[in-house]
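Derivation of every value follows stated rules applied to the coordinates shown; laboratory data play no part. The structure presented is a predicted model; accordingly, all values stated were derived computationally and were not measured. Note that we place each Cβ from the backbone using ideal geometry, even for glycine, and neighbour counts take in every protein chain shown.
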Amino acid sequence: MPEDNNNRIEEGSVFLEIDHLRKVYITDESQTVAIEDLTLDIKKGELISIVGPSGCGKTTILRMIAGLLEPTSGTITIGGKECSEPGSDRGMVFQDFALFPWRTVRKNVEFGMEVAGVPKEERRERAEKYIELVGLKDFADSRVHELSGGMKQRVGIARAFVNHPDVILMDEPFGALDAQTRNLMQAQLVRILEKTEQTIIFITHSVEEAVFLSDRVVILTKRPATIKEVIDIPWPRPRDRAGPEFVALRKRILEELEKENVMNG
Amino acid sequence: MSTVFGWTYDKHNKNHRMFRKMVIAVTSLVCFMFAWWDISVLANSAAIPTPIDTWNALVNLINEGDTITGRSVWDYIGSSMKTYLSGFGLALLVAIPLGLVIGYFAVVEEFATPVIEILRPIAPIAWAPIFILAIDYTIGPILVVFIGIFFPLLTNVVFGVKEIDTKLIDAARTLGASSSQVFTKVMIPSAVPYIMNGVKIGLGIGWMCIVAAELYAPQLGGIGFYLNEQATAGFWPAAFAAIAIIAVLGLLTTGLAEVIHKKLVNRVGMTSA
């Protein structure tokens, strides 16, 4: 989109810095270290996905970036500004959609602009564009409960993208969808990415999804999670899931994850 | 599918389902009438008039009004409705904002809970003599109705706020909503089905309260007053007619609330568990 409002930061340069992040969950009886010394730089305009063994704390990282959860120590900064509170500079897409059921599709997409005080006309115009981008033009005035799971998540995506945040945090966004819908949604996300310069941090259980979408894949260790390996994927998109390179890389990442799970068990 | 008296019932046909429901409901009412009639005849007591006697008294009441005071039935119904609606409106005005605040702010809840738990179990009627004699015979019954509706409504609103899907709050916050915007744009709309649930429960309790309250406020009139007056004079069919009127008014108000609730739930596609 031409009106990307973060053009002051050049594409490809580091702008989101996670520095020595640590998260300990404390209850009356015990302390659990969820994240241990995690440092990662995210570049403007890249899609970086995070994979790791189940329950290793992927969502915890995302929630800390969103400002919904406070780190125990370490910092997360965007353009030098610390992410201690949630803000419209970091959009989020949720696994279970988290759409407002009393609002129509259009009104869901307009929510961020509404709370920011964007005038009605502009709100409508921008929402219209993104609803069209995700292919829901005919459903703009539908209620959320009338939509299928895939359609709901497309609303979730439009609702986050329409605000042009610095980064969009996607928490297993296609995890609740069936395999076929999932593939369609991935392909659609690739198409949307062609039209925007959106930076995305993407959490997934699916290694195939990570390889299909990402510029870089971060593999986490088992809990306490820290970075095991970061893999660059410089291939153009859309990618061929059946290509030999694709299959080989997928296999390699799976093997790395399996090692973590074995050590876990 | 099953066949009853040569008629084939298809449970996937909406009209069939409606018809089935109606037949059962009518049968139930007819059984009730017969049971009432039986008891009346068997008891052979003036205090249990037959349905016919009651019906005649009801027709008489509608045509002639109260033969003792000369006031019309509409006067009484109007008076009861006025008290009822005032108490109900007052309960809405107080319980909904208070419930939202209690549900949202833990410290307010911790502060309010002891007081609420002390007051809640007290039967609303217990307040009637105090409110009516100490305050006023018009405001007193309104306050009794208010108390009756207030607690179930408050409990439901608090519950509604607490039951909110926290993901929706997270979503709103990541979309840039401030705390007050989260409150007005997320908490309130998602509590609406629960509020309606509380309203429905409260409306029923309101009718129970008003009739009892009117017993203590003869100056006010109202259906409860009429009931007491006729029973005291030994005009049992008229007293039963008063009960019938209360039943119909109660049905109408809760029915109306039910319709509004259904519309609302369909509209937003949400349910209150």
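Computed quantities for the displayed model
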| item | result |
| --- | --- |
| Degrees separating the helix B:73-104 axis from the principal Cα axis of chain B, which is the longest one | 20 |
| Cα-derived Rg to Rh of the protein assembly as shown, Kirkwood definition | 1.14 |
| Cα→Cβ-extended label distance, 7 Å offset, between A:HIS145 and A:VAL190, nm | 3.7 |
| Modelled FRET efficiency - R0 25 Å, B:ALA43 with B:ILE68, Cβ distances, 0.05 increments | 0.45 |
| Theoretical ellipticity at 222 nm over chain A - DSSP helices of four or more residues, -39500 (n - 2.57) apiece, nearest 500 | -11000 deg cm²/dmol |
| Tilt relative to chain A, helix A:105-115 - C-alpha long axis, 0 to 90 degrees, to 10 | 80 |
| In Hz, Karplus ³J(HN,Hα) per residue of region A:144-159 (6.51, -1.76, 1.60; θ = phi - 60°; x = Gly, Pro) | 4, 5, 8, 9, 7, x, x, 5, 4, 5, 5, 5, x, 5, 4, 4 |
| Spin-label model distance (nm) - B:THR3 vs A:GLU229, 7 Å beyond Cα toward Cβ | 7.2 |
| B:LEU85/A:VAL24 FRET efficiency (R0 60 Å; Cβ-Cβ; nearest 0.05) | 0.60 |
| Global size of region B:154-273 as Cα Rg and Dmax, reported in angstrom | 20.9, 69 |
| Cα long-axis angle, helix B:223-232 against chain B (0 to 90 degrees, to the nearest 10) | 30 |
| Base-10 log of normalised Debye intensity for region B:114-211 (one unit scatterer per alpha-carbon) at q = 0.24 Å⁻¹ | -1.12 |
| Over region B:1-44: Kirkwood hydrodynamic radius from C-alpha pairwise inverse distances, Å | 12.3 |
| Estimated FRET transfer efficiency (A:GLU85, B:TYR137; beta-carbon r; R0 51 Å; 0.05) | 0.40 |
| Base-10 log of normalised Debye intensity for region B:49-268 (one unit scatterer per alpha-carbon) at q = 0.13, 0.16 Å⁻¹ | -0.80, -1.04 |
| Fraction of antiparallel bridges per DSSP, the protein assembly as shown only, in percent to nearest 5 | 60 |
| Taking B:ILE68, B:ILE169 and counting other C-beta atoms within 10 Å, the order from fewest to most | B:ILE68, B:ILE169 |
| Vicinal HN-Hα couplings computed from phi for region A:162-167 (Karplus, 6.51 cos²θ - 1.76 cosθ + 1.60; Hz; Gly/Pro x) | 4, 8, 6, x, 4, 8 |
| Computed over region B:1-115, Kirkwood Rh from alpha-carbon pairs, angstrom | 20.2 |
| Members of A:LYS43/A:LYS107; A:LYS44/A:LYS107; A:LYS222/A:LYS251; A:LYS120/A:LYS195 lying beyond 21 Å, as alpha-carbon distances in this model show | A:LYS43/A:LYS107; A:LYS44/A:LYS107; A:LYS120/A:LYS195 |
| Label-point separation, B:ASN266 to B:PHE111 (7 Å along Cα→Cβ), nm | 4.3 |
| Full-stretch length increase - B:MET22, B:THR166 - with 0.36 nm per residue and alpha-carbon distance subtracted | 47.7 nm |
| Other-chain or far-sequence residues with amide H under 5 Å of A:THR72's (modelled H) | A:ARG22, A:LYS23, A:VAL24 |
| Fewest-first ranking of B:VAL30, B:VAL94, B:VAL161, using other Cβ atoms within 10 Å as the exposure measure | B:VAL30, B:VAL94, B:VAL161 |
